[in-house]
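Visitor: Below: one structure in C-alpha cells.
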Amino acid sequence: MWTIDDIGDQTGRVALITGANTGIGYRTALALARRGARVVLACRDEGRGRAAAARIGAGAEVRRLDLTSLASIRAFELGHDRLDLLVNNAGVMIPPYGLTGDGFETQIGVNHLGHFALTGLLLDRLLATPGSRVVTVSSNAHKRGVIDLDDLHFARRRYVPMTGYAQSKLANLLFTHALQRRLEAAGAGTLSVAAHPGAARTELMRHSPAHFRLVVSRRTRWLFSWLIQDEEPAAYPTLRAATDPGATGAAYYGPDGWGEFTGRHPVLVGTAPAVADTALQDRLWAHSQRLTGVSYALVASESRFAEHLAVPAAPTDEQCLGRNA
Ligand SMILES: NC(=O)c1ccc[n+]([C@@H]2O[C@H](COP(=O)([O-])OP(=O)(O)OC[C@H]3O[C@@H](n4cnc5c(N)ncnc54)[C@H](OP(=O)(O)O)[C@@H]3O)[C@@H](O)[C@H]2O)c1
C-alpha cells in the first residue's frame, strides 16, 4: 500500500508544476520540496505564486505562465537545464463560456491545449534528463467526456460547461497515452503518466452553483468527508504518479476509496474505454499540433501515428461568440 512516506529523496531533481499557487498543485509542490526537489511554480498570477513560494520556503521558485495564451507559453523560461518532472496540473472547471486569446474554448484551451504546447516546448529538456516524467492531472469527469474534433470550441453546439470540462479531462488522458506511445517509439526514457485527485476542497469550484460550493466548503466538512477530501490527500495520486519508481507508461493513479472520491493510498485506476482508442488519440494529437503550432520533434516517422489527419479548421471568435454569447 503506497503512502506519502514512500516518496524517495528528490534532492537534485527539478520539478515544474503548473497552477502551483493553490490547491492540488500547491500541495504537490510542497511535498516535493520537502523531499529536496527544486520546485518551479508556474503561475498566471505572479503575486499569488510568490506567496505560495514563500510558504514552501527553500527550493521554490516562481515563473509566470498563463495557459490561456500561446505567447505566454512560448515565452516561458524554465531557468534550468534539466527537467525531471513536469506536472500538468493547472485547470479550470465550468467557467462561463469564453475564448482564450488564441480563440480556444477556455477549458480545452487551459486544461489541454496549453499543456500540450508547454510539454512540447519543454520536451528537449525532458528527453535530456534521465528518468524524467510528465504527469497530467485528469478527473473522474473524463468518463463523461466526448471529444468533438469537429467542434472542439462549441462553435456549432450549445455550450454546456460540464460537457466542456469532461471533454478537456478526456483530452488529458488521450494526450497521456499518445505521448507515451510516441516516447516509446522514439526509444526515449521519459515516462508519460496521469493521475486524478478524486473530489477535493479547492478553489476549482469557484464557478460552481452555490449548493455545490456549500457541499465542498469547510463548513460541511464533517458531513461530506466520505465524498470530498482535503487538498493534501488529493495530491497523493499526483505524487505517486510523479515519484513511484514502479510506475509504467500511461499509468493512471487515483484515490483508493469508494467511487475513487477520497483516499490516502493512491492506486492504479481504470479509464473510460475511449482513452484506449489510438485513432482518437492520434486525431487529437494532430489537431492539437495544428491549433497550437507546436510540433513534437520526437519521432522521425510521426506519420506512422497519423492515420486520421483530417483536421477541421478552428472556428473564428465570431463564430464561437455568436453561438454562445
Ligand atoms: N478539486 C477537485 O475536486 C478536482 C477533481 C478532479 C480533477 N481536478 C483537477 O486537479 C487540477 C488542480 O485543480 P485544483 O482542484 O487544485 O483547483 P484550483 O485550486 O482552482 O487550482 C487550479 C490552479 O490552476 C491555475 N490556473 C487556472 N487557469 C490558469 C491559467 N490560465 N494559466 C495558469 N494557471 C492557471 C490556478 O491559478 P489561479 O489561482 O491564478 O486561478 C490555480 O493555481 C485541475 O487539473 C483539476 O481539473 C480537481
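The values are calculated or read from the model by the stated rules, or taken from the named source; none is laboratory data. In this text the structure is predicted, and so the values were computed from the model without any measurement. We place every Cβ from the backbone using ideal geometry, glycine too, and count neighbours over all the protein chains shown. We work out accessible area using only protein heavy atoms, side chains counted, and drop any ligands, DNA or RNA first. Shrake-Rupley method; radii C 1.70, N 1.55, O 1.52, S 1.80 Å.
Visitor: Can you pull the accessible area of LEU214 for me, 1.4 Å probe, Å² to the nearest 10?
Guide: Looks like 80 Å² after rounding.
Visitor: Count the net charge of all other residues whose Cβ sits under 15 Å from the Cβ of PRO237, scoring Lys and Arg as +1 and Asp and Glu as -1.
Guide: For residues surrounding PRO237, the net value is -2.
Visitor: Order these peptides, 75-81, 40-46, 265-271, by their mean beta-carbon neighbour count within 10 angstrom, highest first.
Guide: By packing density, highest mean first, the sequence is 40-46, 265-271, 75-81.
Visitor: For the range 1-126, taking Cα atoms only, what is the radius of gyration to one decimal and the Dmax to the nearest whole Å?
Guide: 14.5, 44
Visitor: In the Gaussian network model of the chain, springs joining C-alpha atoms below 10 Å, which of ARG206, ARG240, ARG38 carries the largest mean-square fluctuation?
Guide: ARG206
Visitor: Something else now. So how long is each side of the chain along the principal axes, counting just the alpha-carbon atoms, biggest first, in Å?
Guide: Taking max minus min along each principal axis of the Cα atoms, the chain gives 48, 47, 38 Å.
Visitor: Quick check for you: with a 1.4 Å probe and neighbouring chains kept, what is the accessible area per residue of the range 1-153, in Å²?
Guide: Per-residue accessible area for the range 1-153 comes out at 36 Å².
Visitor: Just how large is the dipole of the chain about the Cα centre, in debye to the nearest 20, putting +1 at every Lys and Arg Cβ and -1 at every Asp and Glu Cβ?
Guide: 720 debye
Visitor: Please build a GNM for the chain, connecting alpha carbons under 10 Å apart, and tell me which residue among ASP148, ASP84, ASP124 fluctuates the most.
Guide: Ranking ASP148, ASP84, ASP124 by mean-square fluctuation puts ASP148 first.
Visitor: Placing +1 on the Cβ of each Lys and Arg and -1 on the Cβ of each Asp and Glu in the chain, which of PRO130, VAL62, ALA286 has its Cα farthest towards the positive end of the resulting dipole?
Guide: Value: VAL62.
Visitor: Considering the options ILE24, VAL216, PHE104, tell which one lies farthest towards the positive end of the dipole of the chain, charges being +1 on Lys and Arg and -1 on Asp and Glu at the Cβ, about the Cα centre.
Guide: VAL216
Visitor: A further question follows. What relative contact order, as a whole-number percentage, does the range 8-324 give when Cα pairs under 8 Å and 6 or more residues apart are counted?
Guide: Averaging sequence separation for qualifying contacts and normalising by length gives 17 percent for the range 8-324.
Visitor: Hey, rough spin-label estimate for HIS211 and ARG74, points 7 angstrom out along Cα→Cβ, what's it come to in nanometres?
Guide: 4.6 nm
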